[in-house]
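Quick note: the coordinates plus some simple rules give every number you see, no bench work behind them. Keep in mind the model is a prediction, meaning the values are calculated, not measured. Cβ coordinates were reconstructed from backbone atoms using ideal geometry, including for glycine residues, and neighbour counts include every protein chain displayed.
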Amino acid sequence: MVAAPPGSYAGATTALAVLMLVIEFGMLQATLLRAQVRLYVAQSVVISVLAVVVAVGREVPELFGLAVFSVALKVVAVPLVMLRLLRRTDPEIAGSRAMGVASMVLLAVVVGAFGFFASARFGLVSPVLPTATLAVAVAIVLVSFVLMIVRRDVVSQAIGFFALENGVSLASLVVAAGLPLLLEVAFLFDLLVAVVVFAVLIRVHHEQSESLSTAGLTELQG
Amino acid sequence: MTLPLPLIQALQVLIVAAAAPGINGVIARVEARLQGRRGPRVLQPYYDLGKLYCKETLAPHGASWVFLAAPLVAMTCYLTVPLLIPVLTAYALPLGDMGDILAGGIILAFASFMVAVAAAGTGSPYAQLGASRAKTFAAITEPVVLFVVFTVALVSGTDLPYAMAETVTTSAEQVVRPAHLLSAAALFMVILYETARIPVETHTGTNEFGMIEEARQFEHTGPYLALLRHGSAMKQLILFVIFLNIVVAPWGLAADAGLLAVVLAVIALLGKSVLLGGVIAVIDDSFAKLRLFKITEFVAAAFMLAVLAVITLYLGGG
């Protein structure tokens, strides 16, 4: 018996969503902080493309607006801020991982698979995107958590948080693509607030400890 | 004019045996051109093999019979696999149903196991190092191949290579489905590892501590070394065929036993292999070799892609 392929729309959208997950794994593996920022840009580009594909394929014109906003914010503004912050710091070749790359990837695969199968039990059916993309979105969110936990430097943690927001945006595309544009934009402004907070956090931390690593924070006592 | 099926099957083996060194020559040539060098002739690997086949044989003192048997066994394995996979035809040849894709994998693995045993028996530290490294990393690439086979089996409902190739050609949707793209990417990374190309090691580099493939053959000489070299070139072409004719681009295969169709299939196979070789040459020139301990990361990435492929299929979205 030959497994029927998903239609070309479903196949393409799932492939884009899975590509986001693959990029997320790339962030986990990337050693250089700049490389992480670049991967975040790639992920944001992919989700903007996905929004455009949904807008065209399912005739939801609001999503064009969302795509424009997310390109402006996630592809241009956020990376600019992050790279600017990184320019002031010493080029630290991060040794910030708490475990080896292979075991980190295996852990993330297990956590991601848990997300996959857990969300498959929801039985949600979306009018605009195949259900598998919701599973991918949940996996992206969980892998971002892994990224934030196993990397011990402030920049990775910020990037992990932003990537987590990408996962949430993907989930919102699945369950509520028809959401009023205003709400989606409010969502994006939440991200803007997070960027400001993280930027302040990174600068303060760097000024106080002369390093981006959070490993030294365990020594702070009363 | 139609050809008898056994002849076509013999032709599959012959083509792989005859064209394999040439593909290596093309890759070396393209690579040299991209680096601004003139590079060796495309036919250079044939001259090298010819020279080695004519030389005398020396064996290290105390080496057992396995040392001399291994190159022959390995070569036999590489001559057997083309019987099982669609090299030229889109339909199964008489012996094509003898084994599935796992059988092909086992035969390939057995060949490299024999070479490793021979290397271990020589007492030379370099050969032993190469053999133990090859087996260490192979232990991580095996699960990747398994997951790719699972994907193939879930997609086509069988693990016969011919059936998979047929499924891919049925519609464009079979090609762009995420599971297919992911498993193809994973398989490509495994092929880079198995053919000893750049991120993993420099092909034919003999002056590095990172060498794996070349080190294993350190103690072999003359015709036996030629068999090993020829065998690894054949293994490369076999993996190219599996990648191209089963997973990525099973187009241009002969649909019947006509002479014209078979000749066109040969040309298509060579063209596709040269194209893939060109891609590999570009990768060779644009990346740096990974540190030995980074190879696990490379393989872990391939494993991740293969696992994602199975998971997306399982959820019905792939």
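Given the C-alpha centroids of region B:250-318 and region B:35-93, what is the distance between them in whole angstrom?
Comparing the Cα centres of region B:250-318 and region B:35-93, I get a distance of 21 Å.
For region B:1-117, take the convex hull of the Cα atoms, compute a quarter of its surface area, and give me that in nm², please.
Working: hull surface 43.5 nm².
Reported value for the Cα convex hull: 10.9 nm².
Whole-Hz Karplus ³J(HN,Hα) for region B:27-34, in order, using 6.51 cos²θ - 1.76 cosθ + 1.60 and θ = phi - 60°, x for Gly and Pro?
Computed from phi, the couplings for region B:27-34 are 4, 4, 5, 4, 4, 5, 4, 5 Hz.
Under a crude label model (7 Å from the Cα following the beta-carbon direction), how far is B:I267 from B:T158 in nanometres?
3.1
Helix-derived [θ] at 222 nm for chain A: sum -39500 (n - 2.57) over DSSP H runs of at least 4, divide by residue count, nearest 500? Walk me through the numbers on the way to the answer.
Details: 8 runs with 158 residues, N = 222.
Estimated from H runs of four or more residues: -24500 deg cm²/dmol.
Cross-link candidates for B:K51: which aspartates and glutamates have Cα within less than 20 Å, leaving aside residues fewer than 8 places away along the same chain?
B:E214, B:E219
So for the protein assembly as shown, taking the charge dipole from beta-carbon charges (+1 Lys/Arg, -1 Asp/Glu), which of A:T133, B:I140, B:P21 sits furthest toward the positive end?
Of the candidates, B:P21 comes out farthest on the positive side.
Sorted from largest down, what three extents in whole angstroms do the Cα atoms of the protein assembly as shown have along their principal axes?
76, 55, 43
Determine the calculated [θ] at 222 nm for chain B from helices alone, applying -39500 (n - 2.57) to every DSSP H run no shorter than 4 residues and normalising by the residue count; nearest 500 deg cm²/dmol. Let's see the in-between values first.
Values: 12 runs with 217 residues, N = 318.
Rounded to the nearest 500, it is -23000 deg cm²/dmol.
Diagonalise the Cα gyration tensor of region B:5-314 and give the resulting equivalent ellipsoid semi-axes, square root of 5 times each eigenvalue, largest first, whole Å. Each step should come with its number before you reach the end.
Values: eigenvalues 178, 104, 78 Å².
Computed over region B:5-314, the values are 30, 23, 20 Å.
From a point 7 Å beyond the Cα of A:V193 in the direction of its Cβ, which residues of region A:53-89 have a backbone N at a distance under 16 Å?
Counting backbone N atoms under 16 Å from the label point, the list is empty.
Across region A:10-208, what fraction of all alpha-carbon pairs, as a whole percent, falls in each successive 5 Å bin from zero upward?
Pair shares across the bins are 1, 8, 17, 20, 20, 16, 10, 5, 2, 1, 0.
With +1 assigned to the C-beta of every Lys and Arg and -1 to the C-beta of every Asp and Glu, and no other charges, what is the dipole magnitude of region A:120-206 about the Cα centre in debye, to the nearest 20?
Numbers: 4 positive and 4 negative charges, 49 e Å.
Here the size comes out at about 240 debye.
For B:T167, A:T218, what's the fewest-to-most ordering of other Cβ within 10 Å of each Cβ?
A:T218, B:T167
Quick one: which residues, 5 or more positions from A:R97 or on another chain, have an amide H under 5 Å from its amide H? H modelled 1.01 Å from N in the peptide plane, none for Pro or chain starts.
A:R152
Mind listing the Cα extents of region B:164-318 along all three principal axes, in Å, largest one first?
48, 44, 25
Short version: ³J(HN,Hα) in whole Hz for each residue of region B:118-134, in order, from phi by Karplus 6.51 cos²θ - 1.76 cosθ + 1.60 (θ = phi - 60°), x for Gly and Pro, what are they?
After applying 6.51 cos²θ - 1.76 cosθ + 1.60, I find 4, 5, 5, x, 7, x, 7, x, 5, 4, 5, 4, x, 5, 5, 5, 4 Hz.
Roughly what % of Cα-Cα distances in region B:118-248 sit above 17 Å, to the whole percent? Don't jump to the answer; show the numbers that get you there.
Numbers: 5387 of 8515 pairs.
Of all Cα-Cα distances in region B:118-248, 63 percent exceed 17 Å.
For a footprinting-style exposure proxy, rank A:H205, B:H61 by other Cβ within 10 Å, fewest first. Please report the intermediate quantities before stating the final value.
Values: A:H205 19, B:H61 7.
Fewest-to-most Cβ neighbours within 10 Å comes out as B:H61, A:H205.
With +1 on each Lys and Arg Cβ and -1 on each Asp and Glu Cβ, and nothing else charged, work out how big the dipole of region A:10-208 is about its Cα centre, in Debye to the nearest 20. Display every interim value, and only then the final one.
Numbers: 12 positive and 10 negative charges, 79 e Å.
In debye, rounded to 20, region A:10-208 gives about 380.
Which ³J(HN,Hα) values in Hz, rounded to whole numbers, follow from the phi angles of region B:13-23 under the Karplus curve 6.51 cos²θ - 1.76 cosθ + 1.60, where θ = phi - 60° and Gly and Pro get x?
Values per residue, Gly and Pro as x: 5, 4, 4, 4, 5, 7, 8, 4, x, x, 4 Hz.
Any chance you could get the radius of gyration and Dmax over the Cα atoms of region B:190-281, in Å?
Using the Cα atoms of region B:190-281, the pair Rg, Dmax is 16.0, 51 Å.
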